[in-house]
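K.L.:
Starting off with a structure, shown below.
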Amino acid sequence: MKVRNIPALVTGASSGIGRAIALELGRRGCSVALLARRREALESVGREVTQLGGRPFVFKVDVTDPGSLGSAVSDAVALLGGLRLAVVNAGVGVHGAADALDPGALRRAFEVNILGAIATVRCCLPQLRAGGPSALVAVSSLSGLIPYRGGGAYGATKAALIQYLRCLRLEQAGTGVEVGWLCPGAVQTPFIVDGVPVAKTPRLARWLLPVLPAERVATALIRLVERGGGQRVIPWSAAFFASFARLLPRLAERVELLTGAGEA
């Protein structure tokens with residue numbers, strides 16, 4: 001499916017990866033529903049989308065509130081005139097040793113990253129099926145594919161999301177809705193800058209898995225849509241290590257310990 005001049009919806013669109021995706025859609029002349037909790041930030045993104053040639057619609061909503069989310073998606077589709085692309089991006093980070101995580105932060109991560117993502121899928125799927133050839137893609141993470149110190153909780157939410165989407169892709173085969181998920185390594189967002197202590201890891205680990213700009217993630221996600229969905233891991237070094245960890249998990253553990261990847 002060509003991503004050009006189509007109606008689209010992006011959750012978590014107020015900053016970071018979501019903002020970058022919204023701007024890329026704007027460059028491609030798309031009408032874009034922007035969903036997130038912070039209206040002022042969303043309106044700022046909306047102005048940027050307009051300047052780039054897109055047509056934005058702003059909806060202040062929390063994906064963990066199914067009723068409000070459902071109303072927002074319905075209203076968005078009415079304004080957009082249909083829906084051809086839904087980007088499930090809203091997410092929160094949680095990082096720390098497994099025995100020291102704040103229960104509230106842990107609960108919120110699962111509520112947003114899993115239950116909120118599933119609620120978004122459930123709201124968008126009927127609209128996508130009604131719109132002809134369409135796509136539903138999610139921003140997951142390399143954390144859902146490989147273990148690292150301090151990443152147990154966050155990685156668990158992303159691993160669950162990946163498995164859910166794998167099943168969904170099989171279920172939607174033949175419906176006209178392509179399902180895909182992007183698994184980037186570390187991305188230049190507040191979660192990485194202020195949360196996960198990437199700067200403290202050894203230089204070798206940072207060389208193997210460099211921190212990506214959000215714009216590169218947005219471009220990769222659009223490319224994933226246009227190539228029919230499925231799974232994509234970026235950068236290439238992350239894709240290589242994810243395959244390596246799946247085939248040789250014990251050796252991959254030794255490499256992680258040696259390079260200092262992750263830190264609780």
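None of the figures in this text is laboratory data; all of them are computed from the coordinates on show. What you see is a predicted model, and the numbers here were worked out from it, not measured in a lab. Every residue, glycine among them, receives a Cβ derived from its backbone with ideal geometry; neighbour counts consider all protein chains shown.
K.L.:
Of Ala36, Ala105, Tyr164, which is farthest on the positive side of the dipole of the chain, counting Cα position, with +1 on Lys and Arg Cβ, -1 on Asp and Glu Cβ, and the Cα centre as origin?
P.N.:
Towards the positive end, the residue furthest out is Tyr164.
K.L.:
Got a sec to turn the phi values of the stretch 72-80 into Karplus ³J(HN,Hα) couplings, 6.51 cos²θ - 1.76 cosθ + 1.60 with θ = phi - 60°, whole Hz, x for Gly and Pro?
P.N.:
Values per residue, Gly and Pro as x: 5, 5, 4, 5, 5, 4, 4, 6, 6 Hz.
K.L.:
So what is the 222 nm mean residue ellipticity for the chain from helices alone, if each DSSP H run of at least 4 adds -39500 (n - 2.57) and you divide by all residues, rounding to the nearest 500 deg cm²/dmol?
P.N.:
-14500 deg cm²/dmol
K.L.:
Got a sec to turn the phi values of the stretch 23-30 into Karplus ³J(HN,Hα) couplings, 6.51 cos²θ - 1.76 cosθ + 1.60 with θ = phi - 60°, whole Hz, x for Gly and Pro?
P.N.:
With the stated coefficients, the stretch 23-30 comes to 5, 5, 5, x, 4, 8, x, 7 Hz.
K.L.:
Mind sorting Cys167, Cys30 by how few other Cβ atoms lie within 10 Å of their own Cβ, fewest first?
P.N.:
Working: Cys167 11, Cys30 25.
Ascending number of Cβ neighbours within 10 Å: Cys167, Cys30.
K.L.:
Next question. Let me check I have the definition right: for the chain, take the eigenvalues of the Cα gyration tensor, multiply each by 5, take square roots. What are those semi-axes in whole Å, largest first?
P.N.:
Each semi-axis is the square root of five times an eigenvalue, giving 30, 19, 18 Å.
K.L.:
Work out the P(r) tail for the stretch 1-87: percent of alpha carbon pairs separated by more than 17 Å, whole number.
P.N.:
Tail fraction, whole percent: 38.
K.L.:
Could you work out the local net charge near Ala36, counting Lys and Arg as +1, Asp and Glu as -1, over the other residues with Cβ closer than 13 Å to its Cβ?
P.N.:
With Lys, Arg at +1 and Asp, Glu at -1, the neighbours total +1.
K.L.:
Give the distance, in whole Å, between the Cα centre of the stretch 224-246 and the Cα centre of the stretch 129-150.
P.N.:
11 Å
K.L.:
In degrees from 0 to 90, rounded to the nearest 10, what is the angle of the helix 39-51 Cα long axis to the longest principal axis of the chain?
P.N.:
Orientation of helix 39-51: about 70 degrees from the principal axis.
K.L.:
Another question, if that's okay. Give, rounded to the nearest 20 debye, the magnitude of the charge dipole that the chain has about its Cα centre when Lys and Arg contribute +1 at Cβ and Asp and Glu contribute -1 at Cβ. List each step's numbers first, then the result.
P.N.:
Details: 30 positive and 18 negative charges, 127 e Å.
That gives a dipole near 600 debye.
K.L.:
Counting other Cβ atoms within 10 Å of each Cβ, which trypsin sites (Lys or Arg not before Pro) in the stretch 40-149 have at most 12 and sit in a DSSP loop?
P.N.:
Sites meeting the loop and neighbour criteria: none at all.
K.L.:
Ranking Glu40, Glu171, Glu256 by Cβ neighbours within 10 Å, fewest first, what do you get? Present the calculation step by step, with values, prior to reporting the outcome.
P.N.:
Working: Glu40 9, Glu171 12, Glu256 18.
Ascending Cβ contact count within 10 Å gives the list Glu40, Glu171, Glu256.
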